[in-house]
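A.B. asks: Can you read through this structure? Questions will come right after.
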Amino acid sequence: MAYGTRVKVDPIRELDFGDISGTYASVGTPMTDHVRIISLNNGCDQELYVSFDGTNNHFRLPANSFVLLDLSSNKIREDGLFLSVGTQIYVKEVSASVASGSFWVTVIYGEGGK
């Protein structure tokens, strides 16, 4: 039996530099499906902390860098490692004020084929 999975990409989640400060700001909306691949992109001129709970620092991203998390792109079934539904991404400044750029999140899900 063949298993098919189609790519489903969410609209981009983006936060402009003017909305980033020393306290966590949410980036777009929470996840509406189990995330297989997520790209966290810092296009700002300063380092940023990324959080998955709005309290703890989970990633520290240098200016103009990104991290790509491929959690389960090769899984053809619905079991495996995923970022859960309802997860919200937050960012804040590490130390210096952000003066330009933006932060954005790209999310890819898998959707069963027919």
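A.B. asks: Just one of 10, 33 is at pLDDT below 95, touching a Phe, Trp or Tyr at 6+ places or on another chain (Cβ under 6 Å) and open to solvent by less than 90 Å² (accessible area, probe 1.4 Å); which is it?
C.D. replies: Criteria check complete, one pass: 33.
A.B. asks: When you check residue 20 against the structure, is it open to solvent by less than 50 Å² (accessible area, probe 1.4 Å) and at pLDDT below 95, yes or no?
C.D. replies: Answer is no for this residue.
A.B. asks: Run residue 40 past the list (1) touching a Ser or Thr at 6+ places or on another chain (Cβ under 8 Å); (2) of a type outside the set (Gly, Ala, Ser); (3) assigned to a strand (DSSP E or B) and report the number of the one that doesn't hold.
C.D. replies: Condition not satisfied by residue 40: (1).
A.B. asks: Continuing with the same structure: Of the residues 112, 86, which is at pLDDT below 85 and either touching a helix residue (DSSP H, G or I) at 6+ places or on another chain (Cβ under 9 Å) or not hydroxyl-bearing (Ser, Thr, Tyr) (or both)?
C.D. replies: Exactly one of 112, 86 is at pLDDT below 85 and either touching a helix residue (DSSP H, G or I) at 6+ places or on another chain (Cβ under 9 Å) or not hydroxyl-bearing (Ser, Thr, Tyr) (or both), namely 112.
A.B. asks: Another question, then. Quick test of your reading of the structure: residue 69 fulfils all but one of (1) modelled with pLDDT of 95 or more; (2) not in a loop (DSSP other than H, G, I, E, B). Name the failing condition by number.
C.D. replies: All conditions are met except number (1).
A.B. asks: Additional query: So residue 100 fits all but one of (1) touching a Lys or Arg at 6+ places or on another chain (Cβ under 9 Å); (2) at pLDDT 95 or above; what number is the exception?
C.D. replies: Single failed check for residue 100: (1).
The values are calculated or read from the model by the stated rules, or taken from the named source; none is laboratory data. These numbers were taken from a predicted model, which means no experiment stands behind them. Here Cβ is always computed from backbone atoms with ideal geometry, including for glycine, and neighbour counts include all displayed protein chains. The accessibility values were calculated without ligands, DNA or RNA, using every heavy atom of the protein model including side chains. Shrake-Rupley method; radii C 1.70, N 1.55, O 1.52, S 1.80 Å.
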